[in-house]
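A.B. asks: Below are the structure tokens for one structure; questions will follow.
The values are calculated or read from the model by the stated rules, or taken from the named source; none is laboratory data. This structure is a prediction, so every number in the text was calculated from the model and none was measured. All Cβ positions, even for glycine, are placed from backbone atoms using ideal geometry, and neighbour counts span all protein chains on display. Keep in mind that these areas ignore ligands, DNA and RNA; they rest on the heavy atoms of the full protein, side chains included. Shrake-Rupley method; radii C 1.70, N 1.55, O 1.52, S 1.80 Å.
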Amino acid sequence: MTSCKSDPFWNGGAPGCGAELRPWLNDHGSLTQRIRQRCQQFAVQPERSGLARIAYDESALLGIAPHRLAWSREVFLQADGQAVVFAHSACRAEDLRGAWLAMKGLGNRSLGSLLFTHPLVVRHPLHFAALRPHHPLYQSAVCATDSRPERLWARRSLFTLHDAPLLVTEVFLPEILQLK
């Protein structure tokens with residue numbers, strides 16, 4: 001397994017990110033918990049989960065041959081009925097029978113409820129990117145919003161459990177800034 005920064009598109013910092021979004025990007029705790037603290041009602045809206053082709057850079061990070069399928073899960077995190085984050089996670093399909101078995105049964109529960117409560121899960125450094133409209137994650141994320149900003153900020157991090165990697169990418173929608 002390699003460092004999360006195997007692609008020059010993803011950076012260890014977020015130059016150009018506005019001051020109001022920076023605390024969201026840089027928080028190393030549970031994003032779910034941070035959103036819950038700022039809204040009346042939190043929900044996870046599953047979009048899809050199952051075997052899928054993932055981006056080449058994601059495959060490289062997870063040690064998956066580019067032509068092989070990975071397990072992928074995509075959800076929207078909602079605060080008071082409004083989507084505020086698009087979350088995309090991926091792992092090797094064979095790790096669903098081992099370290100990441102719980103991924104298959106998450107349904108409308110947040111991945112954070114698993115990652116931040118398991119004592120053996122290790123989080124690696126965050127990396128950031130400004131996604132433009134041509135990026136597939138940008139396109140998936142804007143499905144839940146009426147706005148089409150010039151860019152959407154995203155962060156990603158590898159988590160490991162028993163040496164099995166899980167890549168989590170979170171794309172912040174403009175509505176996140178409405179949370180106090």
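A.B. asks: Using a Debye calculation, one point per C-alpha and no hydration shell, please list log10 I(q)/I(0) for region 92-139 at q = 0.18, 0.33 Å⁻¹ in order.
C.D. replies: Log10 I(q)/I(0), no solvent term: -0.82, -1.13.
A.B. asks: Work out, in µm²/s and without decimals, the Stokes-Einstein translational diffusion coefficient of the chain at 37 °C, 0.692 mPa s, Rh from Kirkwood over C-alpha pairs. Show your work: numbers first, answer last.
C.D. replies: Values: Rh = 16.4 Å.
The Stokes-Einstein estimate is 200 µm²/s.
A.B. asks: Return the loop-located chymotrypsin sites (Phe, Trp or Tyr not before Pro) in region 1-84 (DSSP other than H, G, I, E, B) with at most 14 other Cβ atoms within 10 Å of their own Cβ; answer none if there are none.
C.D. replies: Working: sites: F9, W10, W24, F42, Y56, W71, F76; in loops: F9, W10.
When the chymotrypsin sites (Phe, Trp or Tyr not before Pro) of region 1-84 are filtered for loop state and at most 14 Cβ neighbours within 10 Å, F9 remain.
A.B. asks: Taking 25 °C and 0.890 mPa s as the conditions, I'd like the Stokes-Einstein D for region 14-58 in µm²/s, using the Kirkwood hydrodynamic radius from alpha carbon pairs.
C.D. replies: Details: Rh = 13.8 Å.
The calculation lands on 178 µm²/s.
A.B. asks: Leaving out ligands, DNA and RNA, what percent of the accessible area of region 74-145 is carbon and sulfur, probe 1.4 Å? Mind showing how you got there, number by number?
C.D. replies: Working: 1750 of 3130 Å².
In region 74-145, the share of accessible area belonging to carbon and sulfur is 56 percent.
A.B. asks: With all pairs of different alpha carbon atoms counted, what Kirkwood hydrodynamic radius in Å does region 60-142 show? Don't jump to the answer; show the numbers that get you there.
C.D. replies: On the way: mean 1/r = 0.0677 Å⁻¹.
Roughly 14.8 Å, rounded to one decimal.
A.B. asks: Using 0.36 nm times the number of residues separating C143 and V122, minus their current alpha carbon distance, what extension gain do you get?
C.D. replies: Working: separation 21, 0.36 × 21 = 7.56 nm, distance 3.13 nm.
So the extension gain works out to 4.4 nm.
A.B. asks: Can you pull out the trypsin sites (Lys or Arg not before Pro) in region 91-177 that DSSP calls coil and that have at most 14 other Cβ atoms within 10 Å?
C.D. replies: Details: sites: R92, R97, K104, R109, R123, R151, R155, R156; in loops: R109, R151.
Taking region 91-177 and a limit of 14 other Cβ atoms within 10 Å, the loop trypsin sites (Lys or Arg not before Pro) found are R109, R151.
A.B. asks: What's the magnitude of the charge dipole for region 1-134 around its Cα centre, counting Lys and Arg as +1 and Asp and Glu as -1 at the beta-carbon? Answer in Debye, nearest 20.
C.D. replies: Its charge dipole is roughly 200 debye.
A.B. asks: Now for a separate question. Specify the longest stretch of the chain that does not include any exposed loop site, a site being one of the GluC sites (Glu not before Pro) with a non-H, G, I, E, B DSSP assignment and at most 12 other Cβ atoms within 10 Å. Don't skip to the end; give the middle numbers.
C.D. replies: Working: sites that count: E20, E150.
Maximal segment without exposed cleavage sites: 21-149.
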